[in-house]
Amino acid sequence: MESATQMSQSGLPPSTEEGPGGVTQGTETNAPQQPEVNPAVPAQKRKNVESRSKVWEHFEKIFNSENKVIKRKCIYCAKVYHCESKKHGTTSLRNHMLTCLKNPHSKETRQSLLTFTAVTTFDTQGGSEGVVGELGTWVFNQEAIRRALCEMIIIDELPFRFVEGQGFKRFILITCPRFCIPSRWTISRDIYQIYLDERLNLKKLFRLNTQRVSLTTDTWTSVQRINYMCITAHFIDDQWKLNKKIISFVPISSHKGEHIAKALESCLIDWGIMDVFSVTVDNASSNDTAMSFFKSKLLSWGATTVRSKYIHMRCIAHILNLVVQDGLRFADSSVKKVRDSVRWMRNSPARLKKFGDLAELLGVEAKSSLQLDVPTRWNNTYMMLSTAIQYKAVFDAYSLNEPSFVADLGDSVPSFLDWTSVECLVVLLKGFYEMTIRISGSLYVTSNSFFSEISDLSCMLSSMIVAGSATEVMGSQMKSKFEKYWGDPEKMNSLIFFANILDPRDKLEYMPYQFEELYDKDNGKKCLENVQAAMVELFGDYAATYSVNVQQSSSDSSSGSQPDVPPVQSHATIGRPQNMLKNKLKRQKIGASGSYKETELQVYLSEKIVEDTPDFDILRWWKLNSERFPTLSKMARDILAVPISTVTSESTFSTSGRVLDAFRSSLTPKIVEALVCAQDWMRLPNQPLRLRKILMMLKSLNKTWLLE
């Protein structure tokens, strides 16, 4: 007992004893034996373990003189960190790996940044209401920034070398230093790829669109001496929004009608557009030939003869220009005197300075300064005269205070009668100019106003003739040119009358009186009857086209498991007379007229006209009433989408004139088409054409349809 007690007090178990060297050895036979350590033999080295952290894959080892890793260097930015295993961890290395600007693997794991973007709101009329803020997130994306850069170059018409400019590089270095700026050649390839992508999306839109498409086309010669042809498609989508898209801007070998028709045909085949409703062109004789060729091609594609009647639409703006030009040839010498005075004043900066000081002294406040016109361009002459009239008092005072003005011009100094004559001419030209602005809109329907504009123009010319004096000769000359194009209604496209009828504010309410004023009472009545018959014929073509699927679906639904029941028995009810005489009379009326139910066109014309308000939207009206008139609304979508002028195609030439200038004339036709078309497709849809700016810009583009 004492020995056991002593052993327990020593802290050792009863079955063990301490051996030599302080090593405890077990006394039992099954106890494991520990190997003896020989102090003379050195201890074995620890086995090297491979690093398991993914951090080390992004850093390069740095050894000391003893071949021991003490530092690591980033393989992307060459930044060095201490990484001794007993002194440093991997936290600093991991943080650098996630935030390294040059590490391409850190984009997916980088935290998003909050952004506050200013957004401009628009009212229902398309005007700007204000700017509001929108909170969002932003993550660096090299490809997204690169595409945005290409879109900026396309929309803002910047040269490709813009990305290699010193100012742009400095801007990128401050705003987004991690962005790698591409070269001009990369930008060119990216822009063409954007054009192909947007073109594919637009093709899908045309493929899903079930309505017919109207076109405008015109040609232009660039500074490269290459003839380009622009084709623009116009249509109303399922949401009843008017759309215009440039679908082709390609070189054309000649301005002859055959080449224009072939270029138009190849463009439509490439886009898969076979159902064309109308093509609006100017009054060139080559376009008449082109439309004859194209009409035969549409018939071979399956178009009906009824629809092919209305394929050729003449540009109203071009004819209006010819009418005004013929009248201005007989303008008196007063215009020449004002032109000479403006030219004399603009020839010297000192004269302009004195003229401006005198205008300020007299309190004359004009929005624009004196401008000289080009005599062959009537709208330019109107702008010059309208501006000069505002400075009439300044010209009179200048002639009294400056003897050289009278000495140099002599009899060319405008007198009181000259200014009076010019004022009358400006009032007249203002009506034509505002008419040109109205018919050249791109965001609203214009086809419904064609016939009204012709009627107003006829009244203006008749008033000029009746007024006598100086405007009588001018009005007579304009009237003769008017009669050449719009004097015979049989030579006019009847779509201009159909569009007026499909306007619920007009219908047939005023058309008899308009025809009577234009073509006297007897001829006007005959014209009205022909228009009504032609519209009924066109509606019948639409009804036959769009009722096939409806009849097929209704026959499929009625040919189910229902038994054949005699009509009389199916409608017979107890206690109700059969009205045999009424039914017999109904059958006789159906047999006589062929159809007892009124057509949609008859129902539409029998209703009262809609009140004409300033905020009336004709497309919205047809959208709301499309369920009542399913077939007539399809007809309205096609007719109301017809443009009455080629301004949309002409405005493209102002863009191409900036893309192809004297300092940028080495672009290939392929990249020119990509730039022009992509800009049109990516532009905001609610941006109207700046017609006044286009008219001024077209002076340098050798175009004459609106300017000569």
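Read-outs throughout are calculated quantities, based only on the coordinates presented, and are distinct from any laboratory measurement. Note that the coordinates shown come from a computational prediction; the quantities given were computed from them, not determined experimentally. A quick note on method: Cβ atoms are made from the backbone with ideal geometry, for glycine too, and the neighbour counts reach across all protein chains shown.
What the table shows:
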| quantity | calculated |
| --- | --- |
| Cα centre as origin, Lys/Arg/Asp/Glu Cβ charges: region 414-501 dipole, Debye | 160 |
| Alpha carbon centroid spacing (whole Å) that separates region 471-509 from region 251-330 | 20 |
| Relative contact order, percent, region 316-440 [alpha-carbon distance under 8 Å, six or more residues apart] | 36 |
| Highest-first arrangement of 388-399, 141-152, 248-259, where packing means the average Cβ count within 10 Å | 388-399, 248-259, 141-152 |
| Highest-first arrangement of 355-361, 405-411, where packing means the average Cβ count within 10 Å | 355-361, 405-411 |
| Electrostatic dipole magnitude of region 55-106 [Cβ: Lys, Arg +1; Asp, Glu -1; Cα centre; debye, to 20] | 100 |
| R0 of 45 Å, Cβ-Cβ distance HIS82-TRP185: FRET efficiency to nearest 0.05 | 0.55 |
| Label-point gap, in nm, between ASP357 and LEU624 - each point 7 angstrom along Cα→Cβ | 6.2 |
| Sites ALA148 and PHE416 - FRET efficiency at Förster radius 56 Å, r taken between beta-carbons, to 0.05 | 0.40 |
| Total charge dipole magnitude, region 316-440, about the Cα centre, Cβ charges on Lys, Arg, Asp, Glu only, Debye to nearest 20 | 360 |
| TYR546-VAL139 pseudo-label distance in nm [points 7 Å out on the Cα-to-Cβ vector] | 4.6 |
| Computed over region 316-440, the ratio Rg/Rh where both radii use C-alpha atoms and Rh is Kirkwood | 0.99 |
| Relative packing of peptides 261-268, 672-679 - highest average C-beta neighbours within 10 Å first | 672-679, 261-268 |
| Directionally averaged projected area (convex hull, Cα atoms, region 366-480), nm² | 9.4 |
